[in-house]
Structures are given as structure tokens and as C-alpha cells.
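I have placed the structure first, in the form of C-alpha cells, so that the comments after it can refer back to it.
The values are calculated or read from the model by the stated rules, or taken from the named source; none is laboratory data. These numbers were taken from a predicted model, which means no experiment stands behind them. Methodologically, a virtual Cβ is constructed for each residue, glycine included, from the backbone with ideal geometry; neighbour enumeration extends over all protein chains shown. Accessible surface is based on the protein model in full, side chains and every heavy atom, while ligands, DNA and RNA are left aside. Shrake-Rupley method; radii C 1.70, N 1.55, O 1.52, S 1.80 Å.
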Amino acid sequence: MRYSKLFGKTRHDPPCDADSVNAKLLTQAGFVEKLGAGIYNLLPLGYRVLTKINNIIREEMNAVDGQELLMPALHPVEFYEKTGRNRTMDDILYRTTASGNKEFVFGPSHEEIVTPLVAKYIQSYKDLPLSVYQIQTKYRDEPRAKSGLLRGREFWMKDMYSFHLSEEDLDEYYEKVKAAYSKVFERCGLHSYVIEASGGVFSDKFSHEFSVETDAGEDTIIICEKCKTAQNLEIAEGKVVEPGGKEEKELPLEEVSIERGFSVKDNAEAHKVDEKQILKTVVYEVDGEGLVGVVIRGDLKVSDVKLEDYFKKQLRPASEEALKKAGLVQGYISPVKLPDSIKLSFIGDHSIKNVKNFVTGANAYAKDYKNANLGRDFIIKDFTDLVEVKSGFECVKCGKGLKEMKAVEVGNIFKLGTKFSEAFGLKVSDKDGKLKTLFMGCYGIGNTRLLGTVVEAKHDDKGIVWPASVAPYNVHLVVLGNDEKLIKKAEKLYEDLEKAGVEVLYDDRNESAGVKLNDADLIGIPVRLVVSGRTLEKDSVEFKERSSDKSELYKFNEILKKLS
Ligand SMILES: [Zn+2]
């Protein structure tokens with residue numbers, strides 16, 4: 001491709017509203033053009049990269065017996081009424097009305113379409129297992145559309161659905177797809193972490209996310225570098241580091257009057273103790289349980305998701321009003337000598353078990369207890385793991401310090417069970433002629449998000465550094481100078497490379513060396529070849545990899561060999 005003819009050139013200035021590295025570099029280098037929040041045009045360079053990503057995904061899905069098809073993006077709303085997602089996904093659905101007042105939604109996903117489709121064609125257990133996928137555009141009304149291609153309202157996705165006669169068969173296939181996903185990201189030049197996901201309320205852990213480390217990531221994950229494991233912050237398990245030192249004696253409980261702020265920090269400062277020494281109680285309103293106080297070490301945070309998992313009920317931090325109504329004094333709540341008139345039950349995090357002589361509130365304004373001890377001064381009946389893990393906690397498997405990491409989720413896989421097959425009556429007869437409802441799995445990759453993530457993970461201060469597998473071209477050929485002999489040499493090289501099947505972007509413009517070389521760095525093609533007066537003197541061409549600062553000269557007749 002001649003750069004002079006390419007639609008979509010580099011820009012001198014970055015777009016003024018670029019809120020992320022990928023939006024800035026992809027726009028500046030001529031890969032994408034923003035149409036609106038979360039909506040992008042993919043220009044020829046960008047579309048070439050997306051096509052390469054799509055093909056990698058396609059190959060890996062085909063390798064696990066996925067069959068590619070294409071379903072429509074416009075969905076009659078009644079399919080969503082059948083599963084209830086017309087209601088539960090209301091906030092992300094784009095809706096439209098066609099002539100005759102028929103209601104449609106723009107597909108945010110395709111469970112409602114693929115399940116009845118498969119029901120029409122599956123005749124017997126002999127047709128199973130079955131796995132179908134598509135690479136297609138999805139629509140989600142994303143209130144926080146931002147970060148370039150990372151969070152879009154219209155985006156490309158690969159979604160695959162699998163159908164099985166038994167749960168065991170689904171489990172087996174699920175593991176195969178999990179391995180295929182890691183391969184996809186690796187082939188795109190990324191290291192992905194596989195994370196057991198938190199589903200929040202009522203969920204069992206039956207899904208996995210694939211995350212890639214980048215500063216632009218909205219998620220925080222907790223990793224153990226030794227075990228090579230990663231967990232979602234909300235449900236991560238880790239061992240709290242216990243305060244060391246010699247065994248402390250239990251001192252007599254003491255009530256003190258003290259004016260202080262409400263936070264743990266205020267409390268610790270007022271009493272001149274470490275935050276670890278504070279016994280903190282966080283009160284929640286739990287549906288069907290009333291007010292529940294979570295008792296935890298002062299320097300630690302309660303994980304709402306772990307708490308929800310424990311109760312299997314909806315919950316929220318108690319409002320100021322609810323606390324007041326119950327007779328609780330904000331900032332001074334504790335399980336120590338709580339008046340019988342106050343209806344508050346407690347649950348403890350393990351972190352408070354090994355601390356002696358806590359400082360805590362005395363359930364009255366400006367009154368605290370010193371030397372509060374578990375078992376002697378207060379009793380907690382139920383203990384569980386409720387702490388939000390942070391850097392410095394120890395891995396429960398190997399004891400190494402855990403690390404927090406910013407990450408982008410690029411894929412996820414779910415075991416759907418029979419939820420959708422039940423809704424659409426997807427049943428077949430098994431070997432013994434018994435009707436069985438099918439088990440389903442679904443597997444998604446955000447293809448355009450993956451494109452943006454590659455840029456977030458692979459760039460430097462000069463521009464993008466594409467991994468060879470997804471680069472728009474293999475070679476960026478640059479000619480410096482206007483000399484006729486020089487141009488002739490470059491043109492000949494361009495022809496030879498193309499003939500040899502090398503994908504070449506040939507910068508044939510009449511521009512300065514500075515402009516051309518800066519553009520080459522910005523666009524980020526893995527190999528740059530320069531033909532100039534200097535290289536011609538040695539009958540050579542300069543070879544440089546984008547990821548390296550070193551350049552070398554090669555004879556014209558050697559360069560093809562070098563490239564292969
Ligand atoms: Zn470990």
C-alpha cells in the first residue's frame with residue numbers, strides 16, 4: 001500500500017477529547033475516528049488490525065469445533081420477554097419501533113436468538129455437543145462510554161454458545177474454551193490473567209474473566225506472582241498480615257471520654273494508636289435480616305461482594321437515618337456492652353481474632369472503650385472472610401505477598417446452565433428416549449476492546465508498538481530523498497517485497513525525513529526499512545525493529561531473507 005494513497009493519515013495534534021492512550025494514539029496515527037461517545041469509525045489501518053484479531057479468534061474457535069454463523073443485530077422484543085431480560089437489562093438496551101408498532105431491540109448479546117434457533121435444528125442427542133459462534137456488532141447503552149475502544153456503545157464482539165446433554169459435558173468443553181482464550185490473547189501479544197469471577201448476589205462461582213494488565217484498566221485484580229494466579233479484588237482471598245511482636249496481656253477494660261472525628265483515622269490519632277488497634281464496626285441493612293454490624297480490624301475494608309455472597313441477600317450500607325432510628329451513634333458503634341434495646345446483630349471478620357486490647361466506640365457520643373477484648377468484653381458468634389484484600393496480604397496457597405494490578409477485561413466465559421434452554425424449551429431425547437433440557441455455555445471476547453487493549457499495553461512515548469501478529473502491515477518502507485535513482489531503488493524494493501507476499505506500507509510521499517520517521521514510529525509497524533542516499537552508497541537498506549533502538553544495514557539482495 002502506498003501511504004500517499006492511504007485513506008486516513010496521521011495527524012499532527014492529538015484529538016482534544018481523547019481520554020485514553022488508545023483513543024489518542026489510534027486517532028493520531030489514522031486508525032480510528034470518533035463519531036460520538038463510544039462510537040468509532042474504523043479507518044483502513046484500524047480495520048486491517050481488527051481483521052487480523054478476528055482471524056486469530058476465528059482460528060482458535062474453529063480449533064475447539066466452533067462453527068461460525070451470523071445472526072441479525074435487530075431482535076424482536078418478545079424474545080427478551082421470554083427470559084425476563086427485557087426488564088433486567090432495560091438500562092442497557094437500545095430500543096426501536098418498526099412500522100406496525102412492532103418493538104425491537106438492538107442485540108446486546110445473542111442468547112435469546114441462538115437458543116430458539118438451535119431448538120429448531122437439534123433433533124437428537126447425536127447432534128451434541130454443538131458450539132456456534134459469530135463475530136458481529138453489539139449494542140449496549142453504556143452510560144460511561146469512555147476510554148476510546150475500551151468501553152463502547154457499539155462494538156465488535158465474538159460470541160460463542162455451546163449446547164450439551166449433560167453438565168459434565170459442558171464442564172469439559174468449558175475447560176477447552178478457557179485454554180483457547182488464553183491462546184487468543186497470547187497470539188495477540190498479550191499476557192492474560194484468568195480470573196474466577198464474582199457474580200454478585202445469588203451467583204455461584206461459575207464464570208471466568210480474562211484480564212490484561214494496563215494502567216488504563218478500570219478493574220483492580222489481585223495477583224500472586226509465584227502461583228501465577230489472579231483474583232478479582234471484590235472476592236479475592238488473602239491472608240491478613242498479623243501484627244507481630246510479643247504476646248500482649250489483656251488489660252482491664254476502660255471507658256474514656258474523648259472528642260474526636262468519626263473516621264478510623266481520627267480515632268487512631270485521638271488515641272495515639274495504630275489503625276490496626278481499632279475495632280471497626282460497619283453497619284449494613286440486609287434484606288430480611290435488618291441491621292447487621294460487620295466487625296473488622298480498623299485498617300481493613302469490608303468487601304460488599306463477600307458479604308452479599310455470605311447472606312445471599314441484597315444489602316447496602318446503613319443510611320444515617322436507619323442508624324439513628326435504631327439508636328446507634330455514628331462513629332461510636334461497637335459490639336462492646338451494646339444496650340439490649342438496640343436491635344443489631346454482628347458478624348466478624350477473621351482479622352479481629354488475634355488482636356488484643358482494641359480501642360472502640362462505647363455506643364454513646366464522645367465515649368470510647370480502651371482494652372476491649374474478644375471473648376471477655378464482647379462475643380461474636382459468626383466469623384467469616386469479609387475482608388477486601390490489598391497489596392501486602394499473603395497468598396493463601398504459597399504465602400508470597402499479593403499485588404494489586406490495574407487491568408482490562410478482554411473476555412469472559414460463563415456456564416449458563418439451563419436458564420435459557422428452559423425459557424425456550426430446548427430439549428432433546430437422550431439415548432434412553434428421555435427428554436433432557438440442554439446445558440449451555442457462552443463465551444465472549446470484545447474484539448474492538450482487545451484492539452484498544454493491545455495499544456494500551458504496547459506503546460511508548462513515540463507511538464504504537466504493534467505485535468507482529470496483529471500489525472496492519474509487516475513492513476513500513478520509507479524512502480528519504482527525491483533523487484531519481486533512489487526512488488527507483490525504493491520502488492523496486494516495494495515491488496519485490498509485495499511479490500514475496502510481505503505486507504508493505506510504502507511511504508512514497510515527498511516529505512522530510514523527520515515527518516516520515518516520526519509517522520513510522522507513531523503508526524508502529526514492527527519493521528521499518530529505510531532507503532536513503534546514505535544506505536544507497538553501500539547498496540543497502542536500513543532495517544530497524546519498532547521495539548528496538550538498533551538499526552542495521554542489509555544488502556538489497558539479503559533483505560528478503562532477513563525478513564523471512
Ligand atoms: Zn501464591
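Some points to look at:
- Per-residue 3J(HN,Hα) values for the range 452-466, derived from phi via the Karplus relation 6.51 cos²θ - 1.76 cosθ + 1.60 with θ = phi - 60°, read x, 5, 4, 5, 4, 8, 10, 7, 9, 6, 9, x, 7, 10, 5 Hz in sequence order (x marks Gly and Pro).
- Compared with the dominant principal axis of the Cα atoms in the chain, helix 513-523 is inclined by about 50°.
- Evaluated at q = 0.09, 0.12, 0.19 Å⁻¹, the base-10 log of the normalised Debye intensity for the range 425-564, with identical point scatterers placed on the Cα atoms, takes the values -0.39, -0.54, -1.11.
- With viscosity 1.002 mPa s and temperature 20 °C, the Kirkwood radius over alpha carbon pairs of the range 486-564 converts through Stokes-Einstein to a diffusion coefficient of 165 µm²/s.
- The residues neighbouring V504, those whose beta-carbon lies less than 12 Å from its own, together hold a net charge of -4 under the Lys/Arg +1, Asp/Glu -1 convention.
- Positive end of the dipole of the range 483-564 (Cβ unit charges, origin at the Cα centre): among A513, F556, L493, the Cα lying farthest that way belongs to F556.
- Carbon/sulfur fraction of accessible area - the range 391-496, other protein chains in place, 1.4 Å, %: 48
- In order along the range 64-75, the phi-based Karplus estimate (6.51 cos²θ - 1.76 cosθ + 1.60, θ = phi - 60°) of 3J(HN,Hα) comes to 9, 6, x, 10, 7, 9, 9, 9, x, 8, 9, 10 Hz; Gly and Pro are listed as x.
- Positive-end residue of I53, T115, Y40, charge dipole of the range 33-131 with Cβ unit charges: Y40
- Tilt relative to the chain, helix 44-63 - C-alpha long axis, 0 to 90 degrees, to 10: 70
- Average accessible surface area per residue within the chain, 1.4 Å rolling probe, Å²: 48
- Ratio Rg/Rh [Cα only; Rh per Kirkwood] for the chain: 1.08
- Bridge type composition, the range 223-359 - antiparallel percent by DSSP, nearest 5: 70
- Between E552 and K434, the simple label model (points 7 Å from Cα in the Cβ direction) yields a spacing of 6.7 nm.
- Eigen-decomposition of the gyration tensor built on the alpha-carbon atoms of the range 81-199 gives equivalent ellipsoid semi-axes of 27, 24, 13 angstrom, largest listed first.
- Each other residue within a Cβ distance under 13 Å of E537 adds +1 if Lys or Arg and -1 if Asp or Glu, for a net charge of +2.
- Count, lysine Cα pairs under 20 Å in the range 435-549, 8 or more residues apart or across chains: 16
- Considering only the chain, percent of DSSP beta bridges that pair antiparallel, nearest 5: 80
- Share of carbon and sulfur in the accessible heavy-atom surface of the range 3-150 [1.4 Å probe, %]: 52
- A500-D171 pseudo-label distance in nm [points 7 Å out on the Cα-to-Cβ vector]: 5.3
- Listed peptides 299-306, 165-172 by packing density, highest first (mean Cβ within 10 Å): 299-306, 165-172
- Charge-dipole axis of the chain as Lys and Arg at +1 and Asp and Glu at -1 on Cβ define it, positive-most pick from P15, F104, G463: G463
- Shown for the range 17-172 is the translational diffusion coefficient from the Stokes-Einstein equation, using the Kirkwood radius over Cα pairs, a temperature of 37 °C and a viscosity of 0.692 mPa s: 185 µm²/s.
- Close amide H partners of F346, meaning residues 5 or more places away or on another chain with modelled amide H under 5 Å apart, are G293.
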